[in-house]
Amino acid sequence: MIPLEHVIGLSAILFLIGTIGALTRRNLIVILMSIELMLNAANLAFVGFARAWGEQDGQLFVLMVIVVAACEVAVGLGILIALFRNRETVNVEDMSLLKW
Amino acid sequence: MVETVAPTDLLRWIPLLPLFGALVHGVLLALVRRALPRGLVIALSVGAPALAFVVTLLGFFQLRALPGSSVGLVDEVYTWIGAGRVVAEMSFLLDPLSVVMCLVVLGVGTLIHVYSIGYMDDDHREDGGFQRFFCYLNLFLCAMLMLVLGDNLLVLFLGWEGVGLCSYLLIGFWYGDRWNAYCGLKAFVVNRIGDFGFLIGIFLLLWALADVGATLNFRELEAALPRIVERSVAVPGWLGGSWRLTTLIGVCLFVGAMGKSAQIPLYVWLPDAMAGPTPVSALIHAATMVTAGVYMVCRMSFLYEAAPGASALIAWTGAITALFAATIAITQTDIKKVLAYSTVSQLGYMFLAAGCGAYSAAIFHVGTHAFFKALLFLGAGAVILALHHEQDTDRMGGLRRRLRRTHAVFLVGVLAIAGLPPFSGFFSKDEVLLSAWLAHDVPGHQWLWAIGVVTAAITAFYMFRLHFRTFAGASRVEPQVEHHGIHEPAATVLWPLYVLAFFAIVGGFAGLPQAYGDLLGVPDSNSLSNFLRRVVRTQEHHVAHSTEFALAGVATLAAALGAAGAWLLYVARPELPARIRSGAGALHRLLANKYYVDELYDALFVRPLIALSDHVLFRGIDAGLIDGVAVNGSARFVRSLADDALKYLQGGLTQGYLITMVAGTFAVLAWLLAA
């Protein structure tokens, strides 16, 4: 059986990769993917804890997170397409109209 | 002897009736914006005080029928204020002191209402002036009656403020003239200064009685007084370091009386109050409102008996005011101004008596003064009316033959105020002077008596001067006034004068001193003093009748000398006054300019206050600090902060915001884990 420490360790690594990706990449699609990665890292941790304590709450939360992630991707990609139609770019640095 | 009071439902109607008249007039004028028919206005506004007078008479007879252990009738209407241990009832008390005041106020007041019908007849202003005038008069009477009938200091204070307000409204009645409005304002502001002291006095009483049950009811105060008599308070070193609490309270209350009753240094409003219509001068500034201070001192006599220092202050203030105002009156030429200063002077007499512990003498003088001063003012009003609103005696003279009736009643008033026997002023003034002579516990009481006698001589002089300059000698009336014709006034103006003249002659016999009573074989002749004995201490006369007659003789001689001097200067040798005037130029200027007191107050208080308000309070604090720093300043600060610093937080880089978010999350996490 895989010990809990390994699950949490993998979750942490995935979360870190997602964070760094969201902070460093310029392409909005990649940033969205990084955020998905972070969400799934959290899911992994939930599942790991649920199994370790023998409770089902964590698994319920995972289902919730998947639903939220699906919604987020739908809305995020919608905004992204609208942006691309207007500006013909998906570079996040070009989207700075709301600055001082 | 346990003093009790008898309950009744009668007294509330005495102030309510005039209030009803005032409300009907005022509300209708405000809502309908059209004046009622004059007949209705007259019926309502004269009927209300007349009816109240009848109610007061009923109360008087009920009072006389009470058993000896009862001091008066009390009408508790409702609990006005109940705040913890401080309870103030809206209740009225009719005892010998208040019934005398009520009868004087309502008697003279009703006559003045009747007189006003004729005097104000030519007021046809668009704003319903005639009705407004009677509304204010009724409201004034209501306030004065609350003051007199109030069973505790708070009800008294309500009436006290009410008469102040009404005097403001009535002095500035002809507000079209800025000067009149200014005079009304002056009266109000000067009265407020006195009221400040009065309020402090009330608060001190509440504070002093806090641990034995705070009360402002007169009888309860009297019962509780022994508990605070021994207490002292610290005062600044130049005032002696420590005062008895009763003295401090007495002085504070007297400051209020100084304002209301026009004593030095707060007398300056009364002469200017002559800007109002003449009936107002008679009602407010002669017969009723200004006596409020004297009444209050008499009402609080139990306190002043325990505060000899405050009493001495009252006596000396009264005496000095009497002399001071009398000297100013010598040089005045405006007929109403002379009477105004004589009022200030006579009020000084009343305080002299009250300060010397002769409260019944003070009330006696209040009563006789109300009659003869109302008579004089209304007589002066009749002259003013006949001369088409001419008030300067320089443009009068020789009116004796043309205004015979007015002349006769005015002469009665002059004789009464001059204190010549057997007119009413003679008896009351003698009582006052005798009380000063006998007041051994007031320092320098013989000097007080001497000042009183000198004042009596000056009073006789200036009143006869006024009379001669108005009615005797050659006519100095302006041609255009002659052109309009000089006629005796209407019957509504004359009849009140006759009634007042009657009382100015016989009023003195209500308080006939026992010395004269013995002479005429009347036992207990001083019925007023005997009547008042149940509420205020009356001075015991341990003095031989011969001394009393001698003192009266001296005073009468002084008055006669003054009168003779006036006759010499203004009838026999009319060229003399001008020569005296040029001979004593500086002194004459000093007196004619009223000792420059108004100018002094102007320089000392009014101008610095206006300068302070303008430069510091308005431009400095209001415009500078509140508007500039607080309101606009805070807006400017937020704007410049946002403009110079905060806006750079909005960098526009999505990932910049993201970094902040992540960093913040980590910071919160770190803090939580560390805890």
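The values are calculated or read from the model by the stated rules, or taken from the named source; none is laboratory data. Just so it is clear, the structure is predicted and the values come from calculations on it, not from any experiment. Neighbour counts run over all protein chains shown; Cβ positions are idealised from the backbone, glycine included. These area figures cover heavy atoms from the full protein model, side chains too; ligands, DNA and RNA do not enter into them. Shrake-Rupley method; radii C 1.70, N 1.55, O 1.52, S 1.80 Å.
In nanometres, what is the gap between the two model label sites at B:GLU305 and B:ASP602, each 7 Å from Cα along Cα-to-Cβ?
4.7
State, to one decimal in nm, how far the label point of B:GLU575 lies from the label point of B:ALA490, with both points 7 Å from Cα in the Cβ direction.
4.6
Setting aside same-chain residues fewer than 8 positions from A:LYS99, which lysines have a Cα under 18 Å from its Cα?
Cross-link targets: B:LYS647.
Where the centre of each part is set by its Cα atoms, how far does segment B:11-33 sit from segment B:287-304, in angstrom?
Cα centres, segment B:11-33 to segment B:287-304: 27 Å.
What's the extension gain from B:ALA544 to B:SER242 if we count 0.36 nm per residue and subtract their Cα-Cα distance?
On the way: separation 302, 0.36 × 302 = 108.72 nm, distance 3.98 nm.
Going from the current span to full extension adds 104.7 nm.
Counting each DSSP H run of 4 or more residues in chain B as -39500 (n - 2.57), what helix-only mean residue ellipticity at 222 nm follows after dividing by all residues, to the nearest 500 deg cm²/dmol?
-21000 deg cm²/dmol
Output the 0 to 90 degree angle, nearest 10, between the alpha-carbon long axis of helix B:335-355 and the longest principal axis computed from the alpha carbons of chain B.
80
Between the chain alone and the structure with every protein chain in place, find the residues of segment B:644-675 that drop at least 10 Å² of accessible area; heavy atoms, 1.4 Å probe.
SASA drop of 10 Å² or more in segment B:644-675: B:LYS647, B:TYR648, B:GLN650, B:GLY651, B:GLY652, B:LEU653, B:THR654, B:GLN655, B:LEU658, B:ILE659, B:VAL662, B:PHE666.
Tell me, what is the percent relative contact order of chain B, built from C-alpha pairs under 8 Å that lie six or more residues apart?
Details: 1110 pairs, mean separation 76.4, N = 675.
It comes to 11 percent, rounded to a whole number.
I need the P(r) histogram for chain A: all alpha carbon pairs, bin width 10 Å from 0 out to the longest distance, whole percents.
15, 36, 28, 14, 6, 0
Using a 1.4 Å probe on the protein heavy atoms only, what accessible surface does B:TYR601 show? Give it in Å² to the nearest 10.
Approximately 50 Å² of B:TYR601 is accessible to the 1.4 Å probe.
For the Cα atoms of chain B, what angle does the longest principal axis make with the long axis of helix B:38-65, in degrees from 0 to 90, nearest 10?
With both axes taken from Cα atoms, the answer is about 80 degrees.
When the scattering of the protein assembly as shown is computed by the Debye formula from its Cα atoms alone, each counted once and equally, what is log10 I(q)/I(0) at q = 0.06 Å⁻¹?
-0.50
Rounded to the nearest 5, what % of the DSSP beta bridges within the protein assembly as shown are antiparallel ones?
Taking every DSSP beta bridge with both residues in the protein assembly as shown, the antiparallel ones total about 80 percent.
Under a Cβ-Cβ cut-off of 15 Å, what is the net charge of the residues other than B:LEU352 that fall near it, where Lys and Arg count +1 and Asp and Glu count -1? Intermediate values should be presented prior to the final figure.
Details: positive: B:LYS429; negative: B:ASP430, B:GLU431, B:ASP441.
Spelling it out: positives minus negatives among the neighbours equals -2.
Please list, short to long, the whole-number percent of alpha-carbon pairs of chain B in consecutive 20 angstrom bins beginning at zero.
With 20 Å bins starting at 0, P(r) equals 17, 48, 23, 7, 4, 1.
In square nanometres and to one decimal, what's the mean projected area of the convex hull around the Cα atoms of segment B:204-262? Before the final figure, lay out each step's value.
Working: hull surface 19.0 nm².
Dividing the Cα hull surface by four gives the mean projection, 4.7 nm².
Nearest 100 Å² is fine: how much accessible area is buried between A and B, summed over both sides, with a 1.4 Å probe?
Working: alone 7380 and 28570 Å², together 34950 Å².
Counting protein atoms only, the buried area is about 1000 Å².
Assign one of three labels to segment B:262-301, namely rounded, prolate or oblate, based on the Cα gyration tensor with a ≥ b ≥ c the square roots of its eigenvalues; rounded applies when a/c is under 1.5, prolate when it is not and a/b is larger than b/c, and oblate otherwise.
Working: a/c = 5.04, a/b = 1.58, b/c = 3.19.
Oblate.
If each DSSP helix of 4+ residues adds -39,500 (n - 2.57) and the sum is divided by the residues in chain A, what number results at 222 nm, nearest 500 deg cm²/dmol?
-28000 deg cm²/dmol
Testing the spin-label approximation: label points 7 Å from Cα along Cα→Cβ at A:LEU10 and B:PHE666. State their distance in nm.
That separation, rounded to one decimal, is 2.5 nm.
Working from Cα positions, state the angle (0 to 90°, nearest 10) between the long axis of helix B:153-171 and the longest principal axis of chain B.
80
Let's test this: bin the Cα-Cα distances of segment B:168-310 at 10 Å from zero up to the farthest pair and state each bin's percent.
With 10 Å bins starting at 0, P(r) equals 12, 36, 27, 17, 8, 0.
Taking the Cα centre of segment B:143-246 as origin, work out the dipole magnitude from +1 charges on Lys and Arg Cβ and -1 charges on Asp and Glu Cβ, in debye rounded to 20. Before the final figure, lay out each step's value.
Values: 7 positive and 8 negative charges, 53 e Å.
That gives a dipole near 260 debye.
Which FRET efficiency, nearest 0.05, do B:ARG178 and B:LEU411 yield, Cβ-Cβ r, R0 30 Å? Mind dumping the intermediate values first?
On the way: r = 37 Å, r/R0 = 1.22.
My answer for the efficiency is 0.25.
Please list, in order, the residues from segment B:458-493 whose amide nitrogen is less than 20 Å from a point placed 7 Å along the Cα→Cβ vector of B:ARG401.
B:467-489
Rg/Rh for segment B:394-543 to two decimals, with Rh computed the Kirkwood way over all alpha-carbon pairs. If you can, show how the numbers build up before the last one.
On the way: Rg = 19.7 Å, Rh = 17.9 Å.
Radius of gyration over Kirkwood radius for segment B:394-543 works out to 1.10.
Given a 1.4 angstrom probe, what's the average accessible area per residue across segment A:19-100, in square angstrom?
Details: 5550 Å² over 82 residues.
Counting only protein heavy atoms, the per-residue value for segment A:19-100 is 68 Å².
Express in nm, to one decimal, how much length is gained between B:ALA223 and B:THR4 on full extension, taking 0.36 nm for each residue of separation and deducting their alpha carbon distance.
Length difference between fully extended and current span is 77.6 nm.
For segment B:244-261, list residues with backbone N below 12 Å from a point placed 7 Å from the Cα of B:SER232 toward its Cβ?
Only B:244-245 pass the distance filter.
Might you tell me the accessible area per residue for chain B, computed with a 1.4 Å probe and given in Å²? Please report the intermediate quantities before stating the final value.
Working: 28040 Å² over 675 residues.
That works out to 42 Å² per residue.
I'd like the carbon and sulfur percentage of the solvent accessible area for the protein assembly as shown, probe radius 1.4 Å, heavy atoms only, ligands and nucleic acids excluded. Let's see the in-between values first.
Working: 23980 of 34950 Å².
In the protein assembly as shown, the share of accessible area belonging to carbon and sulfur is 69 percent.
Can you give the FRET efficiency for A:GLU88 and B:SER634, using 1/(1 + (r/R0)^6), R0 = 35 Å, r = Cβ-Cβ distance, to the nearest 0.05?
Values: r = 46 Å, r/R0 = 1.32.
Using R0 = 35 Å, I get an efficiency of 0.15.
Just give the residues from segment A:69-100 buried by at least 40 square angstrom of accessible area in the all-chains context relative to the isolated chain, probe 1.4 Å, and say none if nothing qualifies.
The answer is A:VAL92, A:TRP100 - residues whose exposure falls by at least 40 Å² when every protein chain is included.
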